[in-house]
Amino acid sequence: MASILVVDDEMGIRELLNEILTDEGHTIYAAESAVQARKIREQMRPDLVLLDIWMPETDGITLLKEWSKTGQLTMPVVMMSGHATIDTAVEATRIGALNFLEKPIALQKLLKTVNKALETSPKYVEPEQGRLAQSSTPAPKVNIPEPISNPHPEGEYISGIAKNYYDLPLREARDLFERAYFEHQMQIMGGSMTKISEYTGLERTHLYRKLKALGIDTSKNKGDV
């Protein structure tokens, strides 16, 4: 869906963000220093950069200033730090950073921030502008199949999936389906995280993170082994 550059000197942070964002369908490029980040930026323009403030040698603020001065700050940048002050966050915003994530980074906060930042990325803005500039010639009619009706006799929803969920945005429809899928698996497997992990092929930590992101309560299953 998007190419995201993660710049952080902590391997654990890079691996965690890579795992979460890859699962969301994004392509992740990782850099452990400003030097590596510069090389990657010279070769490509990512759709988004997640940039740590405190790094050895060259910090994130300095790198942000460099990109701004050289005309390479052509993509949204979200700063990250567990020790930044308000002044630091304000300075980063003044230079050109779009937003700020405080460590430890909460999953929902991360996904919300990334999605909002990508809405400002040139990759996603330019196609829409191009379409507005095109001729107003009516588009040919396309035969759109009717949504598959819900055969369930008890109402409009089954495990949260709307009857006409084909009308929903892709991400929302996918989340609804995944929630229904995992709720079904938890029901037929008696809530066993071990069985669900083996059946879906997801590592337990990743499975718990996935269920949490979908808003599924797993607290009663913590003792499952």
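Worth pointing out:
- Residues (open to solvent by less than 70 Å² (accessible area, probe 1.4 Å) and in contact (Cβ under 8 Å) with a residue 12 or more places away in the chain) located in the stretch 180-198: ALA180, PHE182, GLU183, GLN185, MET186, GLY191, SER192, MET193, THR194, ILE196
- Any chance LEU101 is outside any helix (DSSP H, G or I) and either at pLDDT 90 or above or of a type in the set (Phe, Trp, Tyr) (or both): yes
- Single residue of the stretch 195-220 satisfying the filter (at pLDDT below 75 and not in a helix (DSSP H, G or I)) that is nearest to ALA106 (Cα to Cα): THR218
- Check on ARG41, open to solvent by 40 Å² or more (accessible area, probe 1.4 Å) and touching a residue at least 24 places away in the same chain (Cβ under 8 Å): no
A quick yes/no check of all residues on (1) more than 19 Å from THR120 (Cβ to Cβ); (2) free of Cβ contacts under 8 Å to residues at least 60 places away in the same chain:
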| site | (1), (2) |
| --- | --- |
| VAL6 | no, yes |
| GLU24 | no, no |
| PRO46 | no, yes |
| ILE53 | yes, yes |
| PRO56 | yes, yes |
| MET75 | no, yes |
| GLU91 | yes, yes |
| PHE100 | no, yes |
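- Here GLY160 meets the list (1) exposed (fewer than 15 other Cβ atoms within 10 Å of the Cβ); (2) over 21 Å from ASN115 (Cβ atoms); (3) touching a helix residue (DSSP H, G or I) at 6+ places or on another chain (Cβ under 8 Å); (4) at pLDDT below 75 almost entirely, failing just condition (2).
- Those residues of the stretch 54-70 which are small (Gly, Ala, Ser) and in contact with a helix residue (DSSP H, G or I) (Cβ under 6 Å, 6 or more places away or on another chain), in sequence order: SER68
- Any chance LEU16 is surrounded by 18 or more Cβ atoms within 10 Å (Cβ to Cβ) and under 23 Å from LYS123 (Cβ atoms): no
Every residue, every condition in (1) assigned to a helix (DSSP H, G or I); (2) surrounded by 13 or more Cβ atoms within 10 Å (Cβ to Cβ); (3) modelled with pLDDT of 70 or more; (4) at positive phi, yes or no:
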position	(1), (2), (3), (4)
THR88	yes, yes, yes, no
ARG94	yes, no, yes, no
VAL114	yes, yes, yes, no
TYR124	yes, yes, no, no
SER135	no, no, no, no
LYS141	no, no, no, no
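- Some residue of the stretch 65-78 being modelled with pLDDT under 95, assigned to a loop (DSSP other than H, G, I, E, B) and surrounded by 14 or more Cβ atoms within 10 Å (Cβ to Cβ): no
- Residue within the stretch 21-33 that is touching a His at 6+ places or on another chain (Cβ under 9 Å) and assigned to a helix (DSSP H, G or I) present: yes
- Hits in the stretch 68-114 (condition: of a type in the set (A, V, I, L, M) and over 20 Å from the mean Cα position of the chain (by Cα)): LEU73, ALA84, ILE86, ALA89, VAL90, ALA92, ILE95
The values are calculated or read from the model by the stated rules, or taken from the named source; none is laboratory data. Predicted model only: the values in this text are computed from it and were never measured. Please note: Cβ atoms are built from the backbone with ideal geometry, for glycine as well, and neighbour counts cover all protein chains shown. Ligands, DNA and RNA are stripped out before the accessible areas are found, and what is left, the full protein with its side chains, is counted by its heavy atoms. Shrake-Rupley method; radii C 1.70, N 1.55, O 1.52, S 1.80 Å.
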